[in-house]
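The values are calculated or read from the model by the stated rules, or taken from the named source; none is laboratory data. Owing to the predicted nature of the structure, the values given are computational and were not obtained by experimental measurement. Please note: Cβ atoms are built from the backbone with ideal geometry, for glycine as well, and neighbour counts cover all protein chains shown. Heavy atoms of the whole protein, side chains included, go into the accessibility calculation; ligands, DNA and RNA do not. Shrake-Rupley method; radii C 1.70, N 1.55, O 1.52, S 1.80 Å.
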Amino acid sequence: MTSSAPLLPALTALAAEKESAQVTDWAARIGWVAGLGLFVALVYWLMREGWKWRGTLQGDLPELPTAPDEPGEARLTMSGRYHGSTTAGQWLDRIVAHGLGTRSRVELTLTDAGLDVVRPGATDFFVPAGALREALLGKGIAGKVLTEGGLLVVTWQHGDRLIDSGFRSDHAAEHTAWVETINSMIKNNTTEGAER
């Protein structure tokens with residue numbers, strides 16, 4: 001213990017003398033910061049232009065239907081998040097036309113007339129019952145990956161395109177009931193159509 005006692009004041013004095021070096025070349029520092037800022041702005045601008053270009057390429061997509069005045073009694077309702085829409089079966093081919101690429105909160109209502117998708121701050125849309133093709137539990141859509149079964153994926157026909165739309169309920173246990181009810185509606189509509 002006595003041998004380390006003289007070292008302690010020397011180490012304390014050495015630590016007190018250590019100071020950061022003075023910045024002497026402010027022009028170079030400012031130039032680097034400005035260059036980095038311009039690079040980030042350029043990347044953001046390119047991403048925005050790519051998003052707009054994708055919307056232009058999908059310009060052939062018809063306008064989204066709106067809910068009828070009298071949609072009927074609600075079979076199921078759900079609050080949660082809308083994660084986006086893609087070309088059916090291609091979970092990374094995001095559809096951005098008509099606001100379908102905008103993630104948002106969502107209020108879903110399923111009636112005999114179809115699926116009403118109300119999105120605060122984004123474009124609402126309606127999927128007529130005759131346009132519904134399938135519902136399943138998924139884990140990813142449009143760059144969003146969740147746990148297995150953490151996403152309700154509804155496949156629907158719009159114009160000549162099949163679209164997958166991904167929803168996540170605030171209570172994921174509700175997804176199974178939605179899948180069963182939508183698929184039952186589709187089966188009943190197909191059976192009634194075949195009988196005619």
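Taking region 133-176 on its own, how many of its residues are in a helix (DSSP H, G or I) and loosely packed, with under 15 Cβ neighbours inside 10 Å? Reasoning before the result, please.
Taking region 133-176 as the starting set, the residues that turn out to be in a helix (DSSP H, G or I) are 172-176.
Keeping just the survivors that are loosely packed, with under 15 Cβ neighbours inside 10 Å gives 173, 176.
Residues that pass the stated criteria total 2.
If you go through region 92-148 and pick out every residue that is without any contact (Cβ under 8 Å) to a residue 40 or more places away in the chain, over 25 Å from Lys52 (Cα atoms) and touching an Asp or Glu at 6+ places or on another chain (Cβ under 9 Å), you end up with 3.
Residue pairs whose Cβ atoms lie under 7 Å apart, sitting 6 or more positions apart in sequence or on different chains, and linking a residue in region 149-163 that is among the charged types (D, E, K, R) to a partner that is outside any strand (DSSP E or B), are Arg161/Leu61.
Name every residue in region 46-87 that is of a type in the set (Phe, Trp, Tyr) and modelled with pLDDT of 90 or more, in order of residue number. Full working, then the answer.
Going residue by residue through region 46-87, those that are of a type in the set (Phe, Trp, Tyr) are 51, 53, 82.
Hit for region 46-87 is Tyr82, nothing else.
Scanning region 89-120 for residues that are out of contact with any Pro (no Cβ under 9 Å at 6 or more places or on another chain), open to solvent by less than 30 Å² (accessible area, probe 1.4 Å) and either at pLDDT 90 or above or aliphatic (A, V, I, L, M) (or both) returns Ile95, Val96, Ala97, Leu100, Leu108, Leu110, Val117, Arg119. Against the conditions (1) modelled with pLDDT of 85 or more; (2) under 15 Å from Val106 (Cβ atoms), Lys144 satisfies every one except (1). Against the test of being within 16 Å of the chain's Cα centre (by Cα) and not β-branched (Val, Ile, Thr), the options Ala97, Ala129 yield a single qualifying residue, Ala97.
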